[in-house]
Each structure stands twice: as C-alpha cells, then as structure tokens.
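Have a look at the structure below, then the notes.
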Amino acid sequence: MSDLVFSLIGSGSAIGVCVQVSASHQHFHPHSIKIPGDITLGGLFPIHARGPHGLPCGELKKEKGIHRMEAMLYTLDQINSDPELLPNITLGARILDTCSRDTYALEQSLTFVQALIQKDTSDIRCSSGEPPIIRKPERVVAVIGASASSVSIMVANILRLFEIPQVSYASTAPELSDNNRYDFFSRVVPPDSYQAQAMLDIVKALGWNYVSTLASEGNYGESGVEAFMQISREAGGVCIAQSVKIPREPTSGEFDKIIKRLMETSNARGVIIFANEDDIKRVLEAAERANLTGHFLFVGSDSWGAKSSPITELEDVAEGAVTILPKRASIDGFDQYFMSRSLQNNRRNIWFAEFWEDDFRCKLTRPGIKLDPDKKKCTGNERIGRDSSYEQEGKVQFVIDAVYAVAHALHNMHQDLCPGSFGVCSNMDPVEGRLLLNYIRAVNFNGSAGTSVVFNENGDAPGRYDIFQFQMTNHSHPGYHVIGQWTNNLRLNVEEMQWSGGDKSVPESICSFPCKPGERKKMVKGVPCCWHCELCDGYQYQLDEFTCETCPSDMRPTLNRTTCHPTPIIKLEWNSPWALVPTSIALLGILATSAVVITFIRFNDTPIVRASGRELSYVLLTGIFLIYLMTFLMIAEPGVVVCAFRRLLLGLGMAITYSAMLTKTNRIYRIFEQGKRSVTPPKFISPASQLIITFILISVQVLGVFVSFAVVPPHTIIDYEELRPPNPDLARGILKCDMSDLSIICCLSYSIVLMVTCTVYAVKSRGVPETFNEAKPIGFTMYTTCIVWLAFVPIFFGTAQSTEKSS
C-alpha cells in the first residue's frame, strides 16, 4: 500500500475506496491554503523567511507574507460578493508558501501544473482489486505572485510550459520584461528599469555625480543595479565609484568588509541600494559599527520603500535616506477586514495561529505540547491594532490589483465565450491559458488606489512612484515623508528634504570639486566624473573647462584668467627719471652750445674767430645743437610727425657734425701736403668752397632719409614683447616709433663713414707743425669717438638680439 500512496502523490488523491491515497493528498500540501471555487487561482507568497542551512523555511514574515496573502483572501471575498463582476461564478484559490527561496517555490508550484500532467494509473489497484477512484486535482487558471523577482523567474519558467498566466504584485526585475522568455508573466508593479531611471533622476536632481551601488545577490538586486548602471552610462553625468554585491549567504564580517570597501572611495557618499530587508539592516548595522553615522547617503529601491523593519534601532544611520516606492494608497477596506480577523473567524488561514503568536508575543496551547513558562498564554481575545501595532504593508494594494486584473480578464472572457450563460460554460472548461493571457493584457480598470491598471505589450505596469525620505529632526512624527513623485519625469521638493542632524543643505557626493575660475579640468582616465584642476599659468586663460589658451600678443589674462583684456600701453613720461636725466644733460648741452654760438656771433669779426674757420664752426655747432635737441624728440610721445623728425635728425645731427669735421681735416691735410710739393695753394680751401663741400656731404644724408620715407613711411607701433615678463600683471605695451635695427643702421651708417674718413685724415694730419693747434684736438676727438662707437655698436645690437632670443 505504501507504493500506492507514493505513486499517487504526483497525480492527486483518491476518494472512496483508497483512504491512504486521500491521506497522501494532505501530505502533499502541508503549506497551502485551499479555497473552493468554480475557477481556481494560484497564489505564491513569502509566508516565511528563508530558513537556515538545511531547512527550507525560517521565521514568519508578518507584513510581506501574512498581510499580502490575506489581501488575496480579502479580494476573493470582495469579488465573490460582487454581483456585477463574475456573477454566479465563485473564485477559489490554492495559496502556497515560497519561504522566500526560489528553489523551494519551484517545488511548491508543481502543485499548479499537476492537473495538466497526464499519468498512467492503469497498474494501480486497491486492496479489493478494483481500480481506484482518483480525484482530479483542481486546475489553476492563473497564478498571483510571486513576491521576489528570483522566485517569479524560477516559477515563470515552468508556468509558461503549461501556458498558465502569472501576475506578480511585487517582482520588479527588468529581465521579466523579456516577452520572449517570460511571455506568460505580467505584473501590476513597474519594472526596475523605470525605478532605476527614477533613482538616476533623483541623483542628478541632488547634484551628485559620483555614487556607489550595492546589490543583494540574485535577480532583483543584480538586475536593478545593472539597469541603473546602464541608464547612467547612456545618460552620462553620473559615474559609479564602486559596484558591490552582497552574497546570498554572507559570511561573518562580510558587511564590515563591504563598508570598508565603500570607504575606499569616500567621496562617493551616495549609495544606490537594491537589496532585501535583511541585507539593508545589516549594512546599516555595519555602518554604525564603523562609526560612519551620517556619512553614507542611501538611495533605496522599493525593497526598502517605507518599511520600518530595516531601520529599527538604526534610525540615526538611516536618517536622510531617500527611498522609492510604487505609488500606492492605503486600502481602508482591507484595514477593517484584517483588524477584524481572529482565531475563530480566520481558520482558513493555516498560518494565522503562528501569526497570532508572533504578533501578540504569546503562546497558544496545543494538545501534548507543554507551554513555555517564559511566554504568556494567548487568550484569543486579543485584537489586531488594539493589542499590537498594525500598519498596512505597502504591496497590499498591488496584491488586490493583481487579483482584480485576473478577475476582470475572466469576466470579459466569460462575456465573450459564454454570453447569457450562468456559471462556467463549456467554452471555459477548461480555461485556455493563452487566451486568458490576452484578456489579462487587455484589461483597463480603476485599481484599488484609484489609478488605472493597464499592461503594456511586455506585461509591465506604467511607472508611478512616490519618493520618500526618512527624517527624524524637526518633526513631531519622525519617519518617512513624501518629498516627490516620479511619473516618467521627476518632481522633487528639495526644500522639504533634510539630512543628518536636520541639515537642510544638500550634501555632496562628487568625485572632484568644481575647478576655480582660471583652472582647467584634467580628466582622470576612464572616470569621466573625476578630474584634477590645473591653473592656466603665464599668459594663458581658460578657453573652456578643459582647455587653456594663450592670450593674443596684445592682451593679457584677467586676474581670474577667464578671459583676456588689452595690455596697458605706456610711453616714456617727462617726469620719469629715465627722461629727467638725459633731458637735463641735453639742456645743459644746448645752453653751452648756445653760449658758444652767441660768443662766436659777438666776436664774429675777431682774428680768433676768423682763424678758427667761423663758417664751418657755425655748421659744427648746428650739428651739435641738433644732437642735443634729438634727446627731446626721443622722449616726446611718438606720432607720425615726431617719428619723421626722429628718423631725420637721428643721423642728420651727426652727419652735419662729421661733415664739418671732415671738411676741416681734409682742408688741413691738403694744405700741408700741397706745401710739401709746391708753394701754390690747393683748390677749394676758401670758406665758400668749404661750405659747399660740407652741404654736399650733408645732402647725401638728407636724400637717404627722404628715400627711406618713401619706402617706409614713418609710423608708430606698440611693442608688446619688450615688457612681457613671466608675471602677466606686469606686462605693458610700449608706444614707439617703428624704427627697426636696420633703419637705425641706415640712419647712422653714413655718419659712421664720415667719422671713419675724418679719422683717417686726422691720422694723416698728425704731423702738422706744433703751431697749428687745430689738427691735434680734432684727431684726439676722432680717436675717442671711434672708440665709443666701436663699443656702442656691438653692445647695442648684441643686447637686442639676446633679448629676442630669451623672449
């Protein structure tokens, strides 16, 4: 008989003759609720947490398990009592406990498909030898659930093989949107891809660009973080500092290592967290142990939402956390229903007694079990919400919407396939799964929160989120406060946010601080949100945030180096020491020259003046006067007229002086050379002849200057190179006449020729008699002049070239 019992486990239970088979039915469903009905819906809920090693189930989950499961029972009651929705048709249910473990849920979900599995029972006989009467297991037309994405994925793979539609109330993994792999899966909550976009929008709205991610191992956590990272890469502007995964079975000290790793990039204070409640709590505990309260700025997914369990006794660490939750509403009808549940009126919930003990922290008496003396005895008169705290779990609304979505689909299907029929007609017995899926995807009704329940082509619900922040300070009721919404775009009230210690200013989570004006960004390779700031030095200014550019030659950077402005233009001022000293000397020279001229004029007809060659002496004094006058032209503000006179008089004064000197030394030389050969005086030694010769020599200089005027007209320039030191604040442009080195040489070259020629004649005239005292002073003058010029020319031009090379 034991073989018979074993063989019937997979195919149902027998009634009538084979009693043992009937018992086997109860053994097969130790963790399920059976609600009879014309059409049966499956339900998957995490009634218990994942068990420790070796055990499938752990402690009871009051909110995520019992609340959600009771929401399905409540909804079935509402539908079955509604004369307008599925009239004369009763919805039943087979509800299973997934124990928050995907593999265990897969084993349990085989219950939903056993009616579709054909088994050969021809070799099965009862003790009387007759074939058994086998009760056909109920046929599940659709499944409500599961909660965790990893569980939904595992179950969806088997339900699609038997074409059983599945509607989840909490699974948000993006990969479930793949209609090719999960074509029978739908959900009334939006996928994490919407959630990830909303979280990215929050990060950007807070001005953060450098964050870390933290994910529980599994489909929900890993796919959520992957969606966030992918969207952030595509959108740009946000970089991921660390991407940390929490192992499915974390070892001792694992969370302390995670916090230590997050601190390796301490500037990334923002932490995007896709994790289950237990992992969130342990992360907060590790942060508290590391004395990092207030450092991390958590942005939590809907698994955190507005739950109190992850932050109990860790409020200081969680303060300021921004969380997201699909837009929801508290269902008053469910509150009234659930708070009215008792041990007497809720016997259909096989886990309600366990919930009762956990909720009221008491112990129920059971036959044969001794009561723990440390725990009080349950009286059965306790009331939910009166003797225990109660707050509606956040996904209750979505459980209700999921059940109603299937009910509306069945209602529409019944109207089309069974018009005018009462109850389930033959066209709906059995219900075709793929056809029902089409009706589910086509529903459009107002859900329990007043918002429309619709599905897109992938079976996803639209993205509608409330954004919360956990706040403690400056509130009469510390807790989660709504600070914004997201419906395809973000509406965030930043002014209503507050952070650790009640601070209103938004903390920073950035890799690098903005560069100061005048600094460019030098990007860190591979991390577009990180950079080093480099000052634009010298004559550079900040062209854009990445580039420094050199200012034009006539400009210098502003103090903040964000632009260039014209370099100040200067000229030699009369009150400058560099002007006062030479003008004083020149003035003395002019006065002395004028005094000599006046003396010569006064004693013009005296023998001494006449003997000195007064005509050439006047010419010589004129040249000296012009040389002194040239000092004032060199200091005067440059202009076209001033520049013309500079070029004219620079060489003219010297040409006049040396022409007169040359004429004198030539006359002396010719007189004494002629005297050695003949008593006849040489030609052109009269004063008139001497003047003509002098003016001819002078005219060459004048002609050369006027030719240069025609070739290069006199004009001014601003020299920005002469005063361009390393410090641009000291840079100046000098207003000067455009007189190049070549033009100066041209102006002075003729005077140099005259000077050298004069010196040659002075050397030749050195043997004149002692009584002729004019030749030797002229010779001495020319010798010293040559020495001065020999020193001046290489020093002047050599210094100019060195300056050009150094600049």
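The values are calculated or read from the model by the stated rules, or taken from the named source; none is laboratory data. As the structure is a prediction and not an experimental result, all values here were calculated from the model. So basically every Cβ, Gly included, is an ideal-geometry build from the backbone, and we count neighbours across all protein chains shown. Note: areas computed on protein heavy atoms with side chains; ligands, DNA, RNA excluded. Shrake-Rupley method; radii C 1.70, N 1.55, O 1.52, S 1.80 Å.
Of all residues in segment 78-100, count the ones that are closer than 30 Å to residue 385 by Cα, touching a residue at least 40 places away in the same chain (Cβ under 8 Å) and of a type outside the set (S, T, N, Q).
Narrowing segment 78-100 to residues closer than 30 Å to residue 385 by Cα: 78-82, 91-100.
Pick out the ones that are also touching a residue at least 40 places away in the same chain (Cβ under 8 Å) and you get 78-80, 91-100.
Next, only the ones that are of a type outside the set (S, T, N, Q) stay: 79, 91-97, 99.
Here the count works out to 9.
With the checklist (1) at pLDDT below 90; (2) within 29 Å of residue 228 (Cα to Cα) in hand, flag the one item residue 126 doesn't pass.
Residue 126 satisfies every listed condition except (2).
Of the residues 217, 254, 226, which single one is closer than 24 Å to residue 278 by Cα and touching a Lys or Arg at 6+ places or on another chain (Cβ under 6 Å)?
On the way: 254 fails: touching a Lys or Arg at 6+ places or on another chain (Cβ under 6 Å); 226 fails: touching a Lys or Arg at 6+ places or on another chain (Cβ under 6 Å).
After applying the criteria, what remains is 217.
Name the pairs: first residue in segment 290-301 and buried (at least 16 other Cβ atoms within 10 Å of the Cβ), second residue polar (S, T, N, Q) and not in a strand (DSSP E or B), Cβ to Cβ under 7 Å, at least 6 apart or on different chains?
294/500; 297/509; 301/195
Working only within segment 495-504, note down all residues that are surrounded by fewer than 13 Cβ atoms within 10 Å (Cβ to Cβ) and either hydroxyl-bearing (Ser, Thr, Tyr) or assigned to a helix (DSSP H, G or I) (or both). Outline the logic, then answer.
Initially, segment 495-504 is screened for residues surrounded by fewer than 13 Cβ atoms within 10 Å (Cβ to Cβ), giving 495, 501, 504.
Matches in segment 495-504: 495, 501.
Assuming residue 237 fulfils every condition listed in (1) under 26 Å from residue 170 (Cα atoms); (2) in contact with a helix residue (DSSP H, G or I) (Cβ under 7 Å, 6 or more places away or on another chain) apart from one, which condition is it?
Of (1) under 26 Å from residue 170 (Cα atoms); (2) in contact with a helix residue (DSSP H, G or I) (Cβ under 7 Å, 6 or more places away or on another chain), only one is false for residue 237: (1).
Given (1) open to solvent by 60 Å² or more (accessible area, probe 1.4 Å); (2) closer than 30 Å to residue 201 by Cα; (3) of a type in the set (D, E, K, R), where does residue 519 come up short, assuming only one miss?
Going through (1) open to solvent by 60 Å² or more (accessible area, probe 1.4 Å); (2) closer than 30 Å to residue 201 by Cα; (3) of a type in the set (D, E, K, R) one by one, residue 519 breaks only (1).
Looking at residue 481, is it part of a strand (DSSP E or B) and either closer than 17 Å to residue 407 by Cα or over 27 Å from the mean Cα position of the chain (by Cα) (or both)? Please lay out each step first, then the result.
Numbers: part of a strand (DSSP E or B): yes; either closer than 17 Å to residue 407 by Cα or over 27 Å from the mean Cα position of the chain (by Cα) (or both): yes.
So residue 481 fits the description; yes.
If you check every pair at least six apart or on different chains, which have Cβ atoms under 7 Å apart with a residue in segment 382-397 that is over 21 Å from residue 167 (Cα atoms) and open to solvent by less than 40 Å² (accessible area, probe 1.4 Å) first and a residue that is of a type in the set (Lys, Arg) and part of a loop (DSSP other than H, G, I, E, B) second?
Hits for this filter: 384/341.
Which condition from (1) modelled with pLDDT of 85 or more; (2) part of a helix (DSSP H, G or I); (3) closer than 30 Å to residue 558 by Cβ is the one that residue 735 breaks?
For residue 735, the exception is condition (2).
Tell me, which residue of segment 209-260 that is of a type in the set (Ser, Thr, Tyr) and at pLDDT 90 or above is most open to solvent (accessible area, probe 1.4 Å)? Please lay out each step first, then the result.
Pass one, segment 209-260, residues of a type in the set (Ser, Thr, Tyr): 210, 212-213, 216, 220, 223, 232, 243, 251-252.
So of that shortlist, the ones also at pLDDT 90 or above come out as 210, 212-213, 216, 232, 243.
Details: 210: 26, 212: 0, 213: 1, 216: 8, 232: 3, 243: 53 Å².
Filtering first and then ranking leaves 243.
Quick one: residue 321 ticks every box in (1) more than 29 Å from residue 386 (Cβ to Cβ); (2) open to solvent by 70 Å² or more (accessible area, probe 1.4 Å) except a single one, so which number is it?
All conditions are met except number (2).
Are any of the residues in segment 551-561 at pLDDT below 85, more than 21 Å from residue 721 (Cβ to Cβ) and not β-branched (Val, Ile, Thr)? Give the steps one after another, and end with the answer.
Initial filter on segment 551-561 (at pLDDT below 85): none.
There is no residue in segment 551-561 that is at pLDDT below 85, more than 21 Å from residue 721 (Cβ to Cβ) and not β-branched (Val, Ile, Thr).
Return the residues of segment 445-478 that are more than 28 Å from the chain's Cα centre (by Cα) and among the polar types (S, T, N, Q); say none if nothing qualifies. Can you show your working first?
To start, the set of residues in segment 445-478 that are more than 28 Å from the chain's Cα centre (by Cα) comprises 445-462, 472-478.
Across segment 445-478, the qualifying residues are 446, 448, 451, 452, 456, 458, 473, 474, 476.
Restricting segment 129-147 to residues that are at pLDDT below 90 and aliphatic (A, V, I, L, M), which is farthest from residue 431 (Cα to Cα)?
My answer is 133.
Restricting to segment 161-206, count the residues that are charged (D, E, K, R) and open to solvent by less than 10 Å² (accessible area, probe 1.4 Å). Quick ask: steps written out before the conclusion?
Within segment 161-206, the subset charged (D, E, K, R) is 163, 175, 178, 181, 183, 187, 192, 201, 204.
Those left that are additionally open to solvent by less than 10 Å² (accessible area, probe 1.4 Å): 187, 192.
Here the count works out to 2.
State whether one or more residues within segment 687-700 are over 19 Å from residue 754 (Cα atoms) and not in a helix (DSSP H, G or I).
Checked against the condition, which is being over 19 Å from residue 754 (Cα atoms) and not in a helix (DSSP H, G or I), segment 687-700 yields no hits at all.
Could you tell me which of the residues 636, 688 is open to solvent by 40 Å² or more (accessible area, probe 1.4 Å) and of a type in the set (A, V, I, L, M, F, W, C)? Outline the logic, then answer.
On the way: 636 fails: open to solvent by 40 Å² or more (accessible area, probe 1.4 Å).
Criteria check complete, one pass: 688.
Need the failing condition index for residue 594 against (1) among the hydroxyl-bearing types (Ser, Thr, Tyr); (2) at pLDDT 90 or above; (3) not in a helix (DSSP H, G or I), just the number.
Going through (1) among the hydroxyl-bearing types (Ser, Thr, Tyr); (2) at pLDDT 90 or above; (3) not in a helix (DSSP H, G or I) one by one, residue 594 breaks only (3).
For segment 556-582, which residues satisfy the criterion of being part of a strand (DSSP E or B), more than 20 Å from residue 638 (Cα to Cα) and in contact (Cβ under 8 Å) with a residue 12 or more places away in the chain? Talk me through it step by step, then tell me what you get.
Within segment 556-582, the subset part of a strand (DSSP E or B) is 556-557, 564-566, 569-570.
With the extra rule that they be more than 20 Å from residue 638 (Cα to Cα), the set shrinks to 556-557, 564-565.
Correct list: 556, 557, 564.
Conditions tested, residue by residue: (1) in contact (Cβ under 8 Å) with a residue 40 or more places away in the chain; (2) surrounded by fewer than 18 Cβ atoms within 10 Å (Cβ to Cβ); (3) within 20 Å of residue 781 (Cβ to Cβ).
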residue: 586; (1), (2), (3): yes, no, yes
residue: 592; (1), (2), (3): no, yes, yes
residue: 595; (1), (2), (3): no, yes, yes
residue: 603; (1), (2), (3): no, yes, no
residue: 608; (1), (2), (3): no, yes, yes
residue: 612; (1), (2), (3): yes, yes, yes
residue: 621; (1), (2), (3): no, no, yes
residue: 625; (1), (2), (3): no, no, yes
residue: 628; (1), (2), (3): yes, no, yes
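Only one of these is hydrophobic (A, V, I, L, M, F, W, C), touching a helix residue (DSSP H, G or I) at 6+ places or on another chain (Cβ under 9 Å) and under 19 Å from residue 740 (Cα atoms): 644, 655. Name it.
Numbers: 655 fails: under 19 Å from residue 740 (Cα atoms).
Matching residue, one of 644, 655: 644.
Please go through segment 266-279 and give me each residue that is assigned to a helix (DSSP H, G or I) and open to solvent by 30 Å² or more (accessible area, probe 1.4 Å), ordered by number. Before you say what the answer is, go through the steps one by one.
Of all residues in segment 266-279, those assigned to a helix (DSSP H, G or I) come to 277-279.
Matches in segment 266-279: 277, 278.
Quick test for you: out of 552, 514, 507, pick the one residue that is under 32 Å from the mean Cα position of the chain (by Cα), assigned to a loop (DSSP other than H, G, I, E, B) and free of Cβ contacts under 8 Å to residues at least 60 places away in the same chain.
Working: 552 fails: under 32 Å from the mean Cα position of the chain (by Cα); 507 fails: free of Cβ contacts under 8 Å to residues at least 60 places away in the same chain.
Just one listed residue meets the conditions, 514.
In segment 437-484, what residues are open to solvent by less than 50 Å² (accessible area, probe 1.4 Å) and under 16 Å from residue 192 (Cα atoms)?
Listed by number, the residues that qualify are 455, 456, 458, 459, 460, 461, 462, 463, 465, 466, 467.
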